[in-house]
Structure formats: C-alpha cells, structure tokens
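Please read the structure below before turning to the comments.
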Amino acid sequence: MLLIDCPHCGPRDENEYHYGGQAGIPYPLGETTDEEWAAFVFLRDNPKGWFRERWFHAHGCRTWFDVERHTVTHEVRKAR
Amino acid sequence: MRFTFDGRPMEGEPGDTLAAALLRGGVRIVGRSVELGRPRGVFTAGPEEPNALVRVGADPMLAATTVELYDGLEAWSLRGKGRVDVSAASDAGDGRRCDKGYLHCDVLVVGGGPAGLAAATAAGMAGARVILMDDQPRLGGDLLNSRTLLDGRPATDWVDALDLPGRVLTRTTAIGYYDHNYVVAVERRARGERLWHVRARRVVLATGAHERSLAFPGNDRPGVMLASAARAYANRYGVAPWRRAVVFACTDSGHEAARDLVAAGVEIAEIVDPRVDGQVVTGTTGDAEGVLNGVQVGARHLEADLLAVAGGWNPAVHLFSQSQGRVRFDEDLQAFVPGTSAQAERSAGACAGRYGTREAIADGYAAGTEAAEATRSRTGAAGDGAAGTGVAGTGAASSDPADREVADPGAVQPRAAEPGAGGLRVPECDERPLGRPAALWVVEGSSDEPAFADLHRDVTVADLARATGAGMRSVEHVKRYTTAGTGADQGKTSGAVVVGVMSALLGAAPGQVGTTTFRPPYTPVSFATLAGRDRGELSDPVRTTAMHDAHVARGAVFEDVGQWKRPWYFPQDGEPMEAAVRRECHAARTAVAAMDASTLGKIDIRGADAGAFLDLIYTNLYSTLAVGACRYGLMCGADGMVFDDGTTTRLAEDHYLMTTTTGNAAAVLDWLEEWHQTEWPGMDVSFTSVTDHWATVAVAGPHARRVIAAVAPEAVELPFMRYAATDVLGVPGRVFRISFSGELAYEVNVPWAYGRALWEAVLAAGAVPYGTETMHVLRAEKGFAIVGQETDGTVTPQDLGMAWIVSRRKPEFVGRRSHLRPDTAREDRKRLIGLLPDDPGARLEEGAQLVAAGRPTEGPAEDRVEGPAGDRVEGPAEGGVEGPVEGPVPMLGHVTSAYHSAALGRTFGLALARGVGPGDRLTAVSGGVTQPVTVVEPVFYDPDNARRDGEPLPDDGGPAAGGRSLGHFSEEARGRQSDGRPARVREARAESPAAGFAARFEAVSGPALSVREVPFEPMWEVRGQDPGVGLRLGPSWWLVSGDIVPRDGWVDVSGQRTILELTGPQAEDVLITGCPIDLETLPGHAQTLLGKTSVVLERRGPGDYRVYVRSSFTRYLAQWLLDAISAL
Ligand SMILES: [Zn+2]
C-alpha cells in the first residue's frame, strides 16, 4: 500500500487515489499525423527507474497532481 | 486445563502451548509427514514449526507450537495433507468475529524480546508515538525460554519493570512488511483475529532468530528437536519428558541448552560438537513406532530419547527481506543477516545477528533512540515535498539527500530525558559469550535413512542433489523443483539448510547461492482474518435509492447495477418475470408506468465556460442549447470510442445539469475533472455530483400527463426536451420531458427526502411500477443503444448509426481526431443493426455469434461454430435456411440485446455486425442452437416518433382512454380526490436516509458510545471563493451545512449526504476499524474512506465525530457501524 502525498490533503493510502498514468502527455493541438495522434492516445513510456505519473485523489479532495515514482523501489517523491 | 488430542482426553497447564501440553502428556508422535507419511513429533517451540501441524476446531491446520491451550480445546493430528472441513468452517460453526484496524505511529517495534523492549523504551523516552508488537502472550522473547539472570535477578523481572510507551500488542504477529512502512499484523483474540494495518514512520525490527537444524540421516524422528526448543520446554513450560539426551552442538547455544536440560533433570549422554573433535551425528535409531531411541555418532551408538540439535542461528530476516532490504551472508555467523535497507527501518538484536542479551539490549536502545530522532529531526512545512512515512527519502536506499528534507507537521517532541541520559542502562547479564558456529550444513551418513532438508515438504538431501544434478543452480529453481520451503512453515527451519546443502553440492559459498525471496505472510493467515467484517452484506457496499423500502414492500425483484440495487421487475401475484415485464411494457405503451431512475448520475455543472467545456466533452454542441432545453449527448474517449451518454439540460446561462448512465456516474465525474484540471484548467467551470441529492421518477406512457397533473401540475404542458423548476408535491423540484421509451415521458426530481413520497404519489396517481428489464425492452424497441450493452469500448458513435450526433461544426472535442483514424473511419466496421428471428417466439441469446445464413458445415474443427455435441442441430434447421455455407464460418458480429416485445407481439434483437444491411439473412449461434434471423433497421417501434406527445389530459376533451374521470386511477388516488382537490398529494412526507436505523442506533447507544443520524441538515457545496464557513474539501471546494442562508452559486446538496454522529470514548475504537487515516492528527476534518465508502469525517471534539456519507451509501454504512459496534 503506497503512501502518496496529496498536495492538498497530505499523505494518504494509495487506495484513496486513482492512477492516471504517465504525466506530461499534452493533448496535441493543431494538425496531427495519424502517427502523432496514435502516439498520444496509445503510447506511453515504461521506464525502469523514476517515472513521472499522475494521480487523482478520488476519495479525497479530487485533485489531479503529478508525482515521481521509482518503478523498482516504489519510492515516491514530489514531481520536480 | 483439559483438552483432547485425536479424541483422547488430556490435561495441560495454563500458559502451555498445545505443543507443550502434548509433550507434557507424553505424546511423541503428533502427526505424519505430508509426502512420505513418516511419524513426526514436535520439532520447535515457535512459529517455525514444520512438523506438529494439527487441526484445532474449525482451523484446518495450525502449528501446535503457536496454539495457546484453553480449556476444552479439541485438536486432531493431520494425516498427510490438511483438509478444510467446509461444514466446520462455515459461518454457523464458527463464532469468530474477525476484524481489522488501522494504526499509525512514529516508531513501530516488531518483537518483544530484549532488543525490541529496549527499542520501544528508548523510542518512548525520546517522545515518539510507539507501537510494540510481539507474537507471544507475554513480552520477553527468548528471555522467557532461558534461565538468564539480568542484574542478578530473573530476566522477567527486568521485563516487568520496563515502562513501555504507547500501544503494546501481544499475541500479535507481523505478517507482512509492504511499501512505505506499511506493516500488517494479526492479533489473535479469543473472539477472532484482528488484522492490524500499521503505517509507521520508522520501523525497528527485533524479530529474533530461528535456530536451524542440519541435514543428517534420520534427522526427522520424533525425539529429534531443536536444542532451543528443548530448552524452552524445560525452562518456560517445565516440560522435560526426556530421560537421556544427546546434544548436537554446532554452536555454543547447544551447550547452554545442555546445561538447562541437566538442570531440568535430563541426563546428557553426550554433547557432540563438531568444532571440538570433528565428531558429528551420523544417524538415529528408532523404536517400532519410529520414535527416537538412539543416536549414531560414527560407529558409536548412544541410547537417547532426545536429540537436541543446535545447528546454528538464522536471524529472522523475513520482514526485513519483505521490505525489499537485501540480505548478505555473514561468514562469522554462518547466516544471512540484514544488508542494505530499502525502507525507513533498522534491524536490532538477534535478527541483526547480535545474539547476546546485553548486545541486543544495547542495540535496541540505539535503534529506538535513532528511530525517534529520525521522526523528530525532519523539517519543512506541510505539503512541501513528499511528506510522511515511507515516501521518498525516508528509506536508507534513497540516494538523494535532498529527498530527506520532508515535510513533517507532526514531528515528535521529546517526552522525557534525552536518550542515554539515564533510564537506558544495559543490565548486567550472566550469559557466556557465544563463539563462532561450525560451518556445517549436511552430514554424510552411513545408513540408508533419508537426511531431510525440509521436514514439512519431506525434501531430502537426495532430492536437492537430483535438482542440482539436473543442472539447476538457482535456489529459486531448486525450490520450485523440490518444493523445499513451500510448506506451511515457509521454510523457516529449512531455508538455510537448503542453501547450505546446495552450497556443499555446488561447491559455492552460501552467500553465492543466496536465499529465495521471502514473501508475506510470515505465518499462515486465514481467509476469515483477511475478510474481517467485510463479509456477507458488507462485502461490497450496496447502494440504495430513497425509494428502496417501497420497492421491497412491493415485492420487487432486484438486479445489481454497479453497486446499486435496482428493481428489475415488479411481479404481481407470483407472476413469472416474462409476464411481469410484458404487463409493465404494456402499461407504458398504452397507459402510464413509472420507474425509479434515481440511480442515473447527475452532475451539476457551473461556470462561465460550462457550455464551451461541454462542447469539448460531448460530440455534439451544448453552448448553443437554449436555457431550459435538454439535449441528448454522447461522449467519447480520446480513442473515439463511446464512453457514456445521457441528457444534459441548460438550467441557466452558466449552469447545466448533466445526467450519466448509472454505472458510469463516478467515472464521468472523474473524466470531467481530469480534462478540466489537466488540460483546460483555465476554463471557468466546476462540477458537483448531485446524484444522491435528487430522487428521480421516470413517468412514461400516453397517460403520463395525468400523473404529472397529480404531482407537478405546472409541468404538465412542458414541451418535449424541456425542463421546468417547479413545485413537486409542494416541494421545489425539477421536471424534465425526456423519453427513453418513445412514449410521452417525464423525469420528475425531488430532493432525496421526498423520493419515497414522490414514488408513492406517482403510483397512487395510476402509474404501474416498472423495472430495468422493461426499461431495456422499451428502449430497444426504439433502437436506443445502452452504453455497456451495445457498446464495449470498441464502438464509435458512427458504428451505432449516430453520426448525426457527431458535430461537424466543432473544431475540437474529445475523440474527434480518432474518428478520422483509418481504422475508425473504415467502412467495414461492425454497426448496430436490428434482428428479427424467423421464429417470432424464440428469444435470441445475448452474446450469440452471428454468421452468414445457413448452418455451419464440416470444416476444420477448431473453426467450426458449434455447441456441445448433444445440442447440435442435425439436418436442415426448420424455416428459412438457405442452405449450408462452407466452413469455417466467419464471425460477422454478435447479438447485444434480445427481448420479447409486447408491442410487436414477437421477439427481436439488436446486434453489432459488419457488412450486412436490412434484408440480409444471418444465423445466430449460441450454445449449439442456431437461429435464422433477418437483418432490419434497428428501430422496431414508432419510427416516426408519433407517440412522443402522448394523449392530452382528459379534461381537455382529448381522446384519452378512460374518459373525463380518473376512473382507471387507483383507489388511493380516488380517495384523495374525494375532498374536492385535484388528485395530488399535498403533504409530502420527508424521510432521511438513515430513518430506518433510528431504533437500532438507539439500541446500541450508551455512555461509551452513542450513534445517531443528524437528519435533514441543509448542505451546500461551494466552489471558487472561500465562503468563510464550512469544511474545506479541496483546493477551492467547501461543504457548508447548517442553518445558513445560501449565497449565489452554492449548490444545494442537502439530499446528497446525511450525517451520522458518533460520540463517546469508544468512537475512535469504531472508526479505526475502517478509516485508514490517522485520527490522532486529524486536522478537524478530512475526506477519506470509512469501511468501503467515501466520507467526510469531522472531529468536533474528543470522541465527537460526524460522518457525512452519501445518501445511497447510508444503509451500507449504518449496517457497517452497527456491525463494528457489535464487534467491539
Ligand atoms: Zn487530496
């Protein structure tokens, strides 16, 4: 059970949150090729190590925020 | 204390374990081994026991060494594998009330031996919040098993004199150490186990060490026992039923055991110490039953009834390893010891390889002090970085020192003296220092007797040799091949032996062989313990509407939709479902019927950009919608697939009400907030769930106006797809003219408290109640797709034939670009079609496969569409088979909905299929049954929407059946009309969500704990500006309640939640069984979980809590609270 620090509520158990996948994938603006669009919709990184990701405090303040999580050690730190 | 073993009456002493009592009673053989059926006796005195597994009552397999004896205990030996006696384990046969609880602390100390006691004492003196847990009934750890003196007095005196801080949990075994210092422990209580979830900022592991055996021939006989166990039975339990013992001492503790056995009156035949003269035990001999009667030391045979084996010590690194710490092999200790930590944890005492009592106490003091200091020394403000336990930087593994500057609003303050300044003295001890153990793991024997590495799994040295001989080098492979270490004891006594034997077989150092992964749980845990109180009706929250009790009273049959209970149909006089649905459909198509539609999601959307935002979310336009108008909309995922649908109404220029499907209500709200917060945060729009606030009744049928005239007369002439805020039964309500059936229909909304009154009034006004099945039939007749039934995440609006709802004018909406992808734009996608079976009485199977007309013929077997042989249709099927097609048969689609239609007088279906159009012939195949069908347009009833406006009120002189009078109305409605007023219920009775629990709440309330509902509290949710009152729920979100005049823009949510109040000193005891947050540091209030539902938890004072719970979850939470109170 990860302990994730909500910027509004403080540290809470993982099961108060919904996972939001990789952070920093902006909605493409303007014209996109099919490949660019498919990359936005379907492709995400899967690194071994630090990963910037989104969490949603669904059972709390309902805030979306980013953290960095180490996919090996599960350490979680504030996104920088 | 009297107990029975295999039905034989026996007696034990208070404080005995079952194993001690069995030894006391002369039982040598406790059971037979799992694979080989060899006789086995008690081998250890703790949870590492591999042999003495017994059934106790309904527990199918427990280690006798961990079972506390009680009067009347009934135990049975196990023959081979244990079996679950289902009848004994059922609820009826098991009075246990298992429960769970959440705890928080600065320092968790696991283990109540000398190191753990010292650590807890030191951490407490340094001012930390401490929890100490130990698996024994008494604190002291190995001190209980020894005759060691501390400061010249029995060691237990030192234990008893300690001033232990915080919460001390005995009989509590830490079974799992998870991410971010989350430790799960099982507390054994007479009335049922309690599963503790502990979040600790620092953990001190003081879990001690397990003695190990070594592999030599015949090392499994009853009578062969770990030396530490023999010593524990002699010293702690006063049980030394042996005459003459041989001690196999690979380490000095064997000599200590020998001294203790002598003191207990046991003759020591010999101490075999390989370090002294290279002598080793090479075998054992047994009597006719296989019980030890002699020990072979080379050529010498020593008569003995006890062989006490001191093979060395293994630090209990299980929890350390579970925490992802890495162990290393210590050559001096010949054991794996904690190496690199991965979490905010430190091992102290024997589990760190520091075996001496003084050494362990000193180590414990240091560990406790250090842990408390670590929780105190943090700086920073709340929210500044990764605050709290276990988040980045609390672990030693963190590489970046900056990570450690973590927020810590609750930093501990020193309580008493600084560490070391008195009170933390290490007592004098009479123990002799321990020398280096022999590096001995396996002894070549002279006999043919097997030498066991794992007693529980019956894995021998020969088995291990077979594994390495087959080329296996990894201990993980050998484990899986031989099953060594996979028994109920999880290899606690065997793990190191397996590694040692492998190291000998492979010629590699044990450190190179390594250990297998230590996984939770440390000791076996029953499913009942894991389930706790989350069983039966509490296993998953049941959501109910305001009308639920009325539905129950009418005999509704319910179906589960998400967590909701929805009436499926309302059988009358025991009629079967089909008849009930036909009757309900008939009422809706010919007169008037009503459904509880409260479960539909409702989201209040406000802000200057609300329309523009909806334009981005829906495929069609909402910014152009007129105020007061409703519009049906579809929303898609970014992948262009249909995600949800519903009707959204513009209540005011900057104010919309969105409805969602029942199952997707929460997901849609999440979706809106996600797009708003993460993509378009600049837009002025906010979202408030009002699903529970409004109770909704759908009134449908040509006579619907008559019902509306009775309950909301001002809304009678509402045009199609319009909305009115109007009095409903004398309370402010909302009426929408929306139809999901094609008939004249209204959705009438009142606040939750009046939902039941509205429902009763609607039925009293003549509406026939209908359930979800009828709703499905009616909408399918009109060809309306249901999200999740006609769609499955691979269906676009265009696939549903709804290209008309996808705006071509809008430059952007979620999903637009995906509709242009080649795959979504291709012509041969599956599309929604209608189906008419040739047999008008045959209902298709939902999910049936659609293939080209005809019957599959012989093709490759794997591709043939065919059911079980017995169901195969032989010969030409009747009616309209246009001849067989060549197999294999391509699947063209599948049936998504299939019903019997009262209006059509026949069956029909909806389906998704590719490459077919009206008039085409297909075959539906399911379960070996084939049905010929014809493809039609997916609208079966009233394709011109001629029925949309129903019939005018009879008073208007319209052609309504029933004439001017309300003749077809119920008796009840006529009764109301007799006073001269319109058939309208004037005084709606309000009912709060927990009204039905008032008596039960009162019954369980007392001075220690009182529970009640605070009903009808006015509440608003406020967005944006701080209202200066209420509870802050989010960055710009407040909940205001009480006797307050609402301001502009406040969303009335009085019906959305109710308040359950818990007061009294036991309030927290109840809350910790379901609330994961730290109540001690609760800053006034928090939004969190209680049981399995979201709540706002407000602490108004010590032992004074208010729980704001969604109205639909109130029944669940009320039952949960009553259950929690009964389990206190
Ligand atoms: Zn939060």
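Data table
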| quantity | calculated |
| --- | --- |
| At R0 = 35 Å, FRET efficiency that the Cβ-Cβ distance of residue B:577 and residue B:190 yields, to 0.05 | 0.15 |
| Mean-position separation - Cα centroids, segment B:659-680 and segment B:207-246, in angstrom | 63 Å |
| Stretch gain in nm, segment residue B:1008-residue B:553, where the contour uses 0.36 nm per residue and the Cα spacing is subtracted | 160.2 nm |
| Calculated SAXS-style log₁₀ I(q)/I(0) at q = 0.14, 0.18 Å⁻¹ - segment B:714-822, Debye, Cα scatterers | -0.79, -1.03 |
| Under 5 Å, built H, 5+ apart or other chain: amide partners of residue B:178 | B:183, B:184 |
| Average beta carbon contacts from partner chains per residue of B:283-292, 10 Å cutoff | 0 |
| Apportionment of accessible area to carbon and sulfur, chain B, percent (1.4 Å) | 50 percent |
| Extension reserve of the residue B:476-residue B:820 stretch, reckoned as 0.36 nm per residue once the Cα distance is removed | 118.8 nm |
| Length gained when the stretch residue B:921-residue B:804 is fully extended (0.36 nm per residue, less Cα-Cα span) | 39.4 nm |
| Surrounding net charge for residue B:1051, when Lys and Arg each add one and Asp and Glu each subtract one, Cβ distance under 9 Å | -1 |
| Virtual spin-label span in nm between residue A:33 and residue B:436, 7 Å along Cα→Cβ | 6.8 nm |
| Hits among aspartates and glutamates - C-alpha to C-alpha of residue B:810 under 13 Å, sequence gap 8 or more where chains match | B:615 |
| Degrees between helix B:357-376 axis and first principal axis of chain B (Cα, 0 to 90, nearest 10) | 30 degrees |
| R0 of 22 Å, Cβ-Cβ distance residue B:13-residue B:74: FRET efficiency to nearest 0.05 | 0.75 |
| Förster-model FRET efficiency, 56 Å R0, residue B:586 and residue B:527, C-beta, rounded to 0.05 | 0.70 |
| Label-zone membership for segment B:1107-1128, site residue B:1017, 7 angstrom Cα→C-beta point, backbone N under 13 Å | B:1107-1111 |
| Isolated Cys residues of the protein assembly as shown, judged by Cβ distance under 4.7 Å to other cysteines | A:61, B:98, B:105, B:250, B:351, B:429, B:585, B:630, B:636, B:1075 |
| Estimated vicinal HN-Hα couplings, Hz - segment B:679-690 in sequence order (Karplus 6.51, -1.76, 1.60; Gly, Pro = x) | 10, 10, x, x, 6, 8, 7, 9, 10, 9, 6, 10 |
| Sequence-distant residues sharing a close amide H with residue B:623 (under 5 Å, placed H) | B:615 |
| Kirkwood Rh, Cα atoms: Rg over Rh of chain B | 1.06 |
| Placed amide H near residue B:906: partners under 5 Å, 5+ positions off or other chain | B:901 |
| Accessible area that becomes buried as B packs against A, both chains, 1.4 Å probe, Å², nearest 100 | 3700 Å² |
| Approximate spin-label separation residue B:929-residue B:301, in nm, with each point projected 7 Å along Cα-to-Cβ | 7.7 nm |
| Between 0 and 90°, nearest 10: helix B:1114-1126 axis offset from chain B longest Cα axis | 30 degrees |
| For segment B:991-1115, the fraction of alpha-carbon pairs in successive 10 Å shells from zero, as % | 13, 43, 35, 9, 0 |
| Equivalent ellipsoid dimensions for segment A:1-48 as semi-axes, Å, which come from the Cα gyration tensor, largest first | 31, 13, 8 |
| Rg to Rh quotient for the protein assembly as shown, alpha carbon positions, Kirkwood Rh | 1.04 |
| Inter-part distance where segment B:1045-1104 and segment B:552-619 are each reduced to a Cα centre, Å | 31 Å |
| Which listed pairs, of B:782/B:830; B:602/B:1092; B:565/B:1092; A:48/A:78; A:48/B:492, have C-alpha distances above 25 Å, in listed order | A:48/B:492 |
| Separation between Cα centres of segment B:490-514 and segment B:1-42, rounded to whole Å | 31 Å |
| Per-residue HN-Hα couplings for segment A:6-18 [Karplus 6.51, -1.76, 1.60; θ = phi - 60°; Hz; x = Gly/Pro] | 7, x, 9, 9, x, x, 9, 5, 3, 6, 7, 10, 10 |
| Relative contact order, percent, chain B [alpha-carbon distance under 8 Å, six or more residues apart] | 9 percent |
| Under Karplus coefficients 6.51, -1.76 and 1.60, residue-wise ³J(HN,Hα) of segment B:495-500 in Hz, glycine/proline x | x, 5, 5, 4, 4, x |
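The values are calculated or read from the model by the stated rules, or taken from the named source; none is laboratory data. Keep in mind that what you see is a predicted model, and the values were worked out from it rather than measured. Methodologically, a virtual Cβ is constructed for each residue, glycine included, from the backbone with ideal geometry; neighbour enumeration extends over all protein chains shown. These accessible areas exclude ligands, DNA and RNA; they are computed on the full protein's heavy atoms, side chains included. Shrake-Rupley method; radii C 1.70, N 1.55, O 1.52, S 1.80 Å.
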